[in-house]
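A short write-up of the structure that comes next.
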Amino acid sequence: MLYLDPAWLSARTVTAAAAAPTLHDARAVVAARHVHAALRSPADIMAVEHGIHELRELARAHLDRLPSTAHDVPLARRLRELLDGRLTESLTIAEAARTLGVHPNHLMRAFSRAYGIPPHRYVTGRRVDLARRLLLNGRTPAAAAIEAGFHDQSHLTRHFRKVLGTTPAAFVGRGRVAADASAR
């Protein structure tokens, strides 16, 4: 169970929610589960924010029947540039929205529509790619994790396996085997 701060919703939405406080939507269940899972890792703050904002939008759509805003490719591009420029930092959606002068929900919608993935998944994928390159350049998995912006090696390992289907240690091991074979 998650409770959204009423300040995040319009007065009309809060009134409607008071009359029908339960949202029966499979997407909301999935989003709530993602929020709960992300809360277990302090390094996944952007994933938590994304899930909460997604839940807010589901509630608004359900209660207000608000039309979604048109996607904003230039805004999405600006966010991507900001994320790329601060890839190894712990940037929140709220900070990015303040920097870009827009509402966090509008920012996430624009990015997701333009690129087909939410900002936190984009950042995770870019960090995994950076860690992969660092590993290929001889960094240890622990060093690559920190340099790529992950909280620790286990955080890197979880995402590395999810994205690339192997662990950083196994990836490095295969690289050594391939290098030894080509040296012969």
Solution diffusion estimate, µm²/s, Stokes-Einstein, region 122-182, Kirkwood Rh from C-alpha pairs, 20 °C, viscosity 1.002 mPa s: 191 µm²/s
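So which trypsin sites (Lys or Arg not before Pro) in region 74-182 are both in a DSSP loop and have at most 15 other Cβ atoms within 10 Å of their Cβ? Spell out each step's value before the answer.
Numbers: sites: ARG77, ARG78, ARG80, ARG86, ARG98, ARG109, ARG113, ARG121, ARG126, ARG127, ARG132, ARG133, ARG139, ARG158, ARG161, LYS162, ARG174, ARG176; in loops: ARG86, ARG139.
When the trypsin sites (Lys or Arg not before Pro) of region 74-182 are filtered for loop state and at most 15 Cβ neighbours within 10 Å, ARG86 remain.
Throughout, read-outs are computed from the coordinates displayed, never taken from laboratory work. Keep in mind the model is a prediction, meaning the values are calculated, not measured. Neighbour counts run over all protein chains shown; Cβ positions are idealised from the backbone, glycine included.
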